[in-house]
Amino acid sequence: MAISNRLLSLVLFSLMVTCAFAEKPRGVTYDGRSMIVNGERELLFSGSIHYPRMPPQMWPDIIRKAKEGGLNLIQTYVFWNIHEPVQGQFNFEGNYDVVKFIKEIARQGLYVTLRIGPYIEAEWNQGGFPYWLREVPNITFRSYNEPFIYHMKKYSEMVIDLMKKEKLFAPQGGPIIMAQIENEYNNVQLAYRDNGKKYVEWAANMATSLYDGVPWIMCKQKDAPPHIINTCNGRHCADTFKGPNGPNKPSLWTENWTAQYRTFGDPPSQRAAEDIAFSVARFFAKNGTLTNYYMYYGGTNYGRTSSSFVTTRYYDEAPLDEFGLFREPKWSHLRDLHRALRLSRRALLWGTPTVQKVNRDIEITIYEKKGTDCAAFLTNNHTTNPATVKFRGKDYYLPEKSVSILPDCKTVVYNTQTIVSQHNSRNFVASEKAKGLKWEKYQEKVPTISELSLKNREPLELYTLTKDTSDYAWYSTSIKFDRHDLPMRPDILPVLQIASMGHALAAFVNGEYIGFGHGNNIEKSFVFQKPVVLKPGTNTISILAETVGFPNSGAYMEKRFAGPRAITIQGLMAGTLDITQNDWGHEVGVFGEKEQLFSEEGAKKVKWTPVTGPTNGAVTWYKTTFEAPEGNNPLAVKMDKMQKGMMWVNGNSLGRYWSSFLSPLGQPTQFEYHIPRAFLKPTNNVLVVFEETGGNPADIEIQTVNRDTICSIITEYHPPNVKSWERSGTNFVAIVEDLKTGAHLTCPDDKIIEKVEFASYGNPDGACGNLIVGTCNSAKSMQVAEEKCLGKNSCTIPIEREVYDEPSKDPCPDIFKTLAVQMKCGNKN
């Protein structure tokens with residue numbers, strides 16, 4: 001009986017997995033050229049993927065896509081505050097199961113860099129430190145301070161012992177080939193003076209004493225001790241990194257930022273695939289042998305895990321977007337770069353480098369092993385002007401700000417500026433099965449001072465009050481006024497002023513919501529001012545003070561503060577009244593949070609009322625149910641008409657939302673929020689929203705997410721796809737008969753091309769999802785694209801001029817031609 005290709009592939013994959021799982025012990029060393037694993041030099045292409053930023057059900061798919069992208073190394077932090085949230089109580093369950101995550105990486109045949117911190121930054125709450133550490137007497141974080149180094153060593157030892165117990169280090173047969181202690185300490189070291197230098201030495205010695213079977217690294221640590229490799233973080237380490245601080249240490253790039261994390265109120269962050277590829281090619285041309293993309297998959301900051309003001313979506317501009325979809329062309333352009341560098345592997349790792357400066361902008365770097373291997377990098381550093389360079393008797397065209405890679409010192413297989421891989425565009429589509437949501441609501445009661453048991457003369461500091469158990473804390477006081485104390489004129493109202501150290505607050509007078517104020521990531525503190533209606537007799541002033549995560553960076557993090565610090569009422573007949581020391585009641589959290597109204601059982605504890613019309617109540621809970629949306633595409637919930645709050649699905653937190661904080665572009669920084677399908681049931685899924693300041697749930701929408709819009713934008717001078725060549729020993733050979741460039745397109749998930757939405761051969765412009773015809777266009781563009789692609793999962797469209805126009809009818813024969821096409825993919829049925 002014949003075996004299908006798909007079945008054969010599955011059998012082969014299973015054999016590969018078995019081999020990966022049964023790894024033998026591997027020694028790991030290094031020298032000034034590279035890392036050496038099991039006696040073999042390695043070019044390492046790495047990506048940061050963090051296990052708690054996605055459900056475990058997503059781990060295999062994300063790791064598989066990273067491997068398909070040409071990675072052979074995964075980098076992850078270990079997050080102290082999720083593993084030891086209460087001193088001495090540990091949690092390694094669910095998406096906190098770091099051991100399971102590392103074993104999945106090993107199962108798929110990749111290596112691991114383990115960044116144990118304990119300080120990780122990572123835009124993670126308190127930089128990964130658990131809250132209880134802040135309350136250790138006389139502690140100073142990240143300094144040679146006895147309480148801190150005691151707890152840091154105890155935690156580090158626990159992590160290393162766990163890895164050793166599970167045999168996860170390479171010499172034990174596991175995937176961990178490197179470990180990192182501390183993180184970017186040079187940024188703050190001077191603040192700690194002598195204790196900073198002593199701390200670096202202590203941390204390095206402590207780490208190697210716990211385990212010395214793999215190399216240890218310190219990123220951005222120019223004075224790393226001799227037995228620690230100092231590494232680079234940044235966007236252009238080929239130009240900013242002065243190199244390791246010892247001749248026998250390799251040049252490693254531990255954070256190549258694929259974009260930038262966002263905080264609420266920020267405009268979008270972008271970094272072009274061409275810029276990333278240029279920076280990596282230059283780094284490898286300058287003796288680099290490892291780059292790590294931070295992030296390769298950013299994921300989601302579920303719950304309250306993000307640091308101050310950081311959005312729930314994390315590094316969505318990475319090669320894999322928040323939903324785990326390929327962000328093209330970033331993913332595939334980097335995949336092709338990795339292949340090009342691997343084709344140059346022997347020369348890079350064993351050859352002797354030489355550099356020829358042609359002029360100020362053009363340089364040629366050659367790695368050559370006499371008589372066997374040669375690879376060349378032709379670099380044009382000019383940011384706007386292309387160039388032509390003569391190399392070994394042949395002219396090579398170099399686009400602006402680009403590197404061409406020649407694995408045999410003859411053939412251009414890749415140029416960083418010319419993308420031959422496909423592009424795509426993301427689409428959010430309202431779910432048919434999950435539409436028509438019917439909402440119920442429950443309104444929180446605004447408490448008075450008499451209902452709050454914790455009393456103090458003045459408002460308590462917010463971080464210390466909440467102890468990171470909630471984003472919220474109520475503050476309330478009461479004050480009596482005679483009618484003669486209040487303004488007599490109807491056009492004058494008293495003004496409530498609250499000076500806050502951050503991060504946000506909602507204010508209420510006599511139970512009525514009067515307004516909302518907040519800081520931002522740059523300036524957490526702010527002053528809230530609103531006119532208020534006061535009455536003769538007793539008046540209650542209540543404040544819902546809010547944090548949006550703890551700080552994650554800078555020196556002396558344990559000495560940061562938040563919450564209201566000075567409260568006055570202006571415009572009274574006697575002038576301004578300071579009520580800061582008026583006696584205040586306090587309570588951590590809100591009622592619905594304590595009763596877990598977001599859970600199935602908790603929701604039964606209160607009476608919900610139907611939402612029948614427009615609603616805009618502050619501190620209000622909303623609840624609805626929905627069916628699991630159609631298909632298998634990832635899911636999102638659209639929250640653009642809400643204000644600020646938190647969301648849960650079936651009791652699982654989706655994180656914070658903040659649609660009312662607009663960027664300078666007039667749009668929310670984020671308004672679509674990921675709902676992992678792992679959180680859902682087939683039917684009767686419960687979505688609960690806690691709205692702090694007032695929003696209308698009628699416009700909340702459950703959406704499916706796809707990247708079914710695919711494009712190619714390619715020119716006549718683009719090289720053929722790098723997959724057209726391979727190495728066999730010392731031989732470099734073409735594996736296709738006709739080495740021509742062309743537009744190569746593939747629909748995701750076995751879908752087919754159902755429509756050609758755009759096609760132009762000439763000088764089109766724009767980006768995928770927004771392509772436009774230029775001043776030159778072949779009339780046959782659409783016909784050629786449809787003939788080659790309609791009804792297929794993948795297709796190739798030629799770019800030869802004769803395919804589109806007879807020579808005598810070419811509308812623009814004197815220009816370089818570009819082909820731009822856009823296709824829509826759909827299910828076969």
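Each other residue within a Cβ distance under 14 Å of residue 512 adds +1 if Lys or Arg and -1 if Asp or Glu, for a net charge of +2.
Taking each pair of different alpha-carbon atoms in segment 601-696 once, compute 1/r for the pair, average those values, and report the inverse of that mean as the Kirkwood hydrodynamic radius in Å to one decimal. Mind showing how you got there, number by number?
Numbers: mean 1/r = 0.0695 Å⁻¹.
That comes to 14.4 Å for segment 601-696.
Please give the length that would be gained between residue 390 and residue 790 if that part of the chain were fully extended, namely 0.36 nm times their separation in residues minus their C-alpha to C-alpha distance (nm, one decimal).
On the way: separation 400, 0.36 × 400 = 144.00 nm, distance 4.21 nm.
Gain on stretching residue 390 to residue 790: 139.8 nm.
Suppose the chain between residue 450 and residue 57 were pulled fully straight at 0.36 nm per residue; how much longer would it get relative to their current alpha carbon spacing? All intermediate terms of the calculation are to be shown ahead of the outcome.
Values: separation 393, 0.36 × 393 = 141.48 nm, distance 4.74 nm.
Result: 136.7 nm gained on full extension.
Here the spin labels are modelled as points 7 Å beyond Cα on the Cα-Cβ line, and at residue 67 and residue 146 they lie 5.0 nm apart. With each label modelled as a point 7 angstrom along the Cα→C-beta vector, the residue 608-residue 93 pair spans 2.5 nm.
Provide 790, 320 ordered by accessible surface of protein heavy atoms (probe 1.4 Å), highest first. Show your work: numbers first, answer last.
Details: 790 75, 320 0 Å².
Per-residue accessible area, sorted high to low, gives 790, 320.
In segment 28-88 the Cα-Cα distances spread across 5 Å bins starting at 0 as 4, 15, 17, 17, 16, 13, 11, 6, 2 percent of all pairs.
Per 20 Å bin, what is the whole-percent P(r) computed from every C-alpha pair distance within the chain? Answer for the chain: a P(r) of 14, 42, 33, 10, 1 percent.
Between segment 438-497 and segment 524-550, how far is it from one alpha carbon centroid to the other, in angstrom? Cα centres, segment 438-497 to segment 524-550: 6 Å.
How about segment 182-273: which trypsin sites (Lys or Arg not before Pro) there lie in a loop by DSSP and see at most 11 other Cβ atoms within 10 Å?
On the way: sites: 193, 197, 198, 220, 222, 235, 242, 262, 271; in loops: 220, 222, 235, 242, 262, 271.
Filter output for segment 182-273: 242.
Could you calculate the FRET efficiency of residue 161 with residue 625 from 1/(1 + (r/R0)^6), where r is the beta carbon distance between them and R0 is 45 Å, rounded to 0.05?
Numbers: r = 45 Å, r/R0 = 1.01.
About 0.50, to the nearest 0.05.
Each of residue 482 and residue 194 was given a label point 7 Å from its Cα along the Cα-to-Cβ line. The distance between the two points is 6.4 nm. Between the Cα long axis of helix 59-68 and the first principal axis of the chain there is an angle of about 30°, rounded to the nearest 10. Based on C-alpha pairs under 8 angstrom that are at least 6 apart in sequence, the chain has a relative contact order of 11 percent.
Using DSSP to call loops (not H, G, I, E or B), can you name the GluC sites (Glu not before Pro) in segment 47-143 whose Cβ has at most 12 other Cβ atoms within 10 angstrom?
On the way: sites: 68, 93, 104, 121, 123, 135; in loops: 93, 121, 123, 135.
Listed in order of number, the matching sites are 93, 135.
Compared with the rule-of-thumb size 2.2 N^0.38 Å for a compact globular protein, segment 774-820 has a Cα radius of gyration ratio of 1.21. Accessible area per residue for the chain is 41 Å², calculated with a 1.4 Å probe on protein heavy atoms, without ligands, DNA or RNA.
Expressed as a whole percent, the accessible surface of the chain that belongs to carbon and sulfur atoms is 50, based on a 1.4 Å probe.
Of the trypsin sites (Lys or Arg not before Pro) found in segment 764-829, those that fall in a DSSP loop while having at most 10 other beta-carbon atoms within 10 Å are 828. How tilted is helix 98-107 with respect to the longest principal axis of the chain? Cα atoms for both, answer in degrees (0 to 90, nearest 10). With rounding to tens, the tilt is 20 degrees. Every helix of 4 or more DSSP H residues in the chain counts as -39500 (n - 2.57), and over all residues that averages to -5000 deg cm²/dmol at 222 nm.
Residues within the reach of a label modelled at residue 248 (point 7 angstrom out along Cα to beta-carbon, backbone nitrogen below 20 Å), restricted to segment 23-60, are 27-42. Hydrodynamic estimate: the Kirkwood radius of segment 436-584 over Cα pairs, inserted into Stokes-Einstein at 4 °C and 1.567 mPa s, corresponds to D of 79 µm²/s.
Of the residues 446, 481, 423, the one whose Cα sits farthest towards the positive end of the charge dipole of segment 344-481 is 423 (charges of +1 on Lys and Arg Cβ, -1 on Asp and Glu Cβ, taken about the Cα centre). For the chain, the longest principal axis of the C-alpha atoms and the axis of helix 5-21 are separated by about 70°.
According to the calculation over all Cα-Cα pairs in segment 279-362, the P(r) per 10 Å bin from zero is 15, 33, 26, 17, 8, 1 %.
The values are calculated or read from the model by the stated rules, or taken from the named source; none is laboratory data. Keep in mind the model is a prediction, meaning the values are calculated, not measured. Backbone-built Cβ (ideal geometry, glycine too); neighbour counts: all protein chains shown. Quick note on the areas: whole protein, heavy atoms, side chains included, nothing else; ligands and nucleic acids left out. Shrake-Rupley method; radii C 1.70, N 1.55, O 1.52, S 1.80 Å.
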